[in-house]
Amino acid sequence: MAETIIKVDLKESPYTNEKIHNRWHPDIPMAVKVKPGDDFKIECYDWTGGQISNNDDAADVRDVDLSQVHFLSGPVGVEGAEPGDLLVVDILDIGTFDESLWGFNGFFSKKNGGGFLTDHFPEAQKSIWDINGMFTKSRHVPGVEYAGLIHPGLIGCLPSKSLLEEWNTREQALYDTDPDKTPPLATLPYADTAHMGTLSGDAKAKAAAEGARTVPPREHGGNCDIKDLSRGSKIYFPVYVKEAGLSVGDLHFSQGDGEITFCGAIEMAGWIHLRVNLIKGGMEKYAIKNPIFKPSPITPKYDDYLIFEGISVDEGGKQHYLDVHIAYRQACLNAINYLEKFGYSRAQAYAILGTAPVQGHISGVVDIPNACATLWLPTDIFEFNVQPGSDGPTIELDGSVQVPLAPDLD
Ligand code: ZN
């Protein structure tokens, strides 16, 4: 049986656990050591470290301290790993804790985090999703149930000193172009809430002041939020420091492409079973800059979709040049408008797009001036017929069921 090499206690703050960290820095000491060929289990907090509760009140999403995230388990040192190698990681399995068979999805307040559609959903809202084996449904979103495509939102190796400097320099430069923007253009180092594993004293203070935040995906992978990087995937990570320093967290029970709600997918605490191997000198051998991976041989079988198109003309009718971000936003809004006709609130529709196994595709990027993005909505997740027909939508959803909202405080 695989040994659990990192344990968490959901009743305790992650700040009390020395095998957890929430910044990227090469000085964070390895929390545990393994050898190539080993397989092992790692337990993870949910990405907020327990700030969100299983209740019908979105105040915790509104008031979340985002400077604390993400709480990652690791770093795992792999014997013999050196900069330039590839760390091969098999995700053998992922699971829930018996005492925590639920996950959350939320929309952050525009004043605290925001999200892809934050101008349309400026206030905090939260839905709770119960996990029943491989399926999930929500008391806040009627009429849908689906199988989870369970995956870590965040996994990657520690950066080298020079790579960390590169990250901080380029993100600061972007931030400085509009430092007053809400939500901000980038999340910069912030020492106050940094948790640097076993580091303490001056060494901790120095690393905390420089440590990169965990929000964006970067060259090492990190917070990629790729739903298909799931149980059964094999990932090839670039190694930047001696012993690699693999960390993982932000487990998702299910997520739509884009993780458009930002808070986020169906976020959960749980465990992950991994196996590691090395390809010596693999970065150079295969010209690897960012991770590559093979998908799982097992995925939920949803093969019928309604596909919503979006083009790079914004909500105000303004023409943009081949902008896939705007095109995908239009595809999402078109899907929300459609689902609203079936009795869903706009928040319920948004929660479905953020959590269900929705596919997002960049469909065209050459037909000037419009990019075309598509959102693929699986039809079999619904407990009723969502196809268009000559009779129009006939379903009546229970309007008393809603996604709890927490109005902003002044
Ligand atoms: Zn997440």
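The values are calculated or read from the model by the stated rules, or taken from the named source; none is laboratory data. Predicted model, so just to flag it, every value in this text is computed and none were measured. Glycine gets a Cβ as well: all are built from the backbone with ideal geometry, and neighbour counts include every protein chain shown.
On the stretch given as the range 241-262, residues that are more than 26 Å from ILE307 (Cβ to Cβ), within 12 Å of the ligand (Cβ to nearest atom) and out of contact with any Leu (no Cβ under 7 Å at 6 or more places or on another chain) total 1.
Here is the figure for the range 274-333: residues that are of a type in the set (A, V, I, L, M, F, W, C), in a loop (DSSP other than H, G, I, E, B) and touching a Leu at 6+ places or on another chain (Cβ under 9 Å) total 1. Annotation note: Cβ proximity below 7 Å between a residue of the range 254-273 that is among the small types (Gly, Ala, Ser) and a residue that is more than 10 Å from the ligand (Cβ to nearest atom) and assigned to a strand (DSSP E or B) (sequence gap 6+ or interchain) occurs for SER254/THR136; SER254/TYR146; GLY258/GLY360; ALA269/CYS44; GLY270/CYS44; GLY270/ILE94; GLY270/GLY95. Please determine whether any residue of the range 69-81 is of a type in the set (A, V, I, L, M), in a strand (DSSP E or B), under 29 Å from GLN348 (Cβ atoms) and more than 16 Å from the chain's Cα centre (by Cα). No, because not a single residue in the range 69-81 is of a type in the set (A, V, I, L, M), in a strand (DSSP E or B), under 29 Å from GLN348 (Cβ atoms) and more than 16 Å from the chain's Cα centre (by Cα). State whether the residues of the range 298-316 include one that is surrounded by 19 or more Cβ atoms within 10 Å (Cβ to Cβ) and free of Cβ contacts under 8 Å to residues at least 40 places away in the same chain. Within the range 298-316, none of the residues are surrounded by 19 or more Cβ atoms within 10 Å (Cβ to Cβ) and free of Cβ contacts under 8 Å to residues at least 40 places away in the same chain.
Right, LEU86: over 25 Å from LYS7 (Cβ atoms) and either at pLDDT 95 or above or in the same structural domain as SER247 (by TED's automatic domain parsing) (or both) or not? Yes. Residue under question is ALA207, and the condition is that it be within 14 Å of the ligand (Cβ to nearest atom), touching a His at 6+ places or on another chain (Cβ under 6 Å) and modelled with pLDDT of 95 or more; does it hold? No. Might you check whether a residue that is touching a residue at least 12 places away in the same chain (Cβ under 8 Å), more than 12 Å from ARG62 (Cβ to Cβ) and of a type in the set (Lys, Arg) occurs anywhere in the range 103-119? No, the range 103-119 contains no residue that is touching a residue at least 12 places away in the same chain (Cβ under 8 Å), more than 12 Å from ARG62 (Cβ to Cβ) and of a type in the set (Lys, Arg). Residues in the range 7-48 that are assigned to a loop (DSSP other than H, G, I, E, B) and polar (S, T, N, Q): SER13, ASN17, ASN22, THR48. Within the bounds of the range 371-387, is there any residue that is loosely packed, with under 11 Cβ neighbours inside 10 Å and farther than 14 Å from LEU322 by Cα? Yes; the residues of the range 371-387 include at least one that is loosely packed, with under 11 Cβ neighbours inside 10 Å and farther than 14 Å from LEU322 by Cα. Can you name every residue in the range 49-68 that is assigned to a loop (DSSP other than H, G, I, E, B), touching a Pro at 6+ places or on another chain (Cβ under 9 Å) and of a type outside the set (Gly, Ala, Ser)? Across the range 49-68, the qualifying residues are ASN55, ASP56, ASP57. Only residues that are in a loop (DSSP other than H, G, I, E, B), over 12 Å from the mean Cα position of the chain (by Cα) and under 20 Å from LEU158 (Cβ atoms) were counted across the range 218-242, and they come to 6. Here the condition is being farther than 28 Å from SER109 by Cα, at pLDDT 95 or above and not basic (Lys, Arg); of VAL241, VAL215, it holds for VAL241 alone. If you go through the range 340-360 and keep only what is under 19 Å from ILE150 (Cβ atoms), in a helix (DSSP H, G or I) and either in contact with a helix residue (DSSP H, G or I) (Cβ under 8 Å, 6 or more places away or on another chain) or aromatic (Phe, Trp, Tyr) (or both), you end up with ILE352, LEU353. The single residue among PRO142, PRO184, PRO179, PRO159 that is in contact (Cβ under 8 Å) with a residue 24 or more places away in the chain, assigned to a loop (DSSP other than H, G, I, E, B) and more than 16 Å from the ligand (Cβ to nearest atom) turns out to be PRO159. Checked against the criterion of being within 16 Å of the ligand (Cβ to nearest atom) and surrounded by 23 or more Cβ atoms within 10 Å (Cβ to Cβ), the candidates ILE266, ILE226 yield just one match: ILE266.
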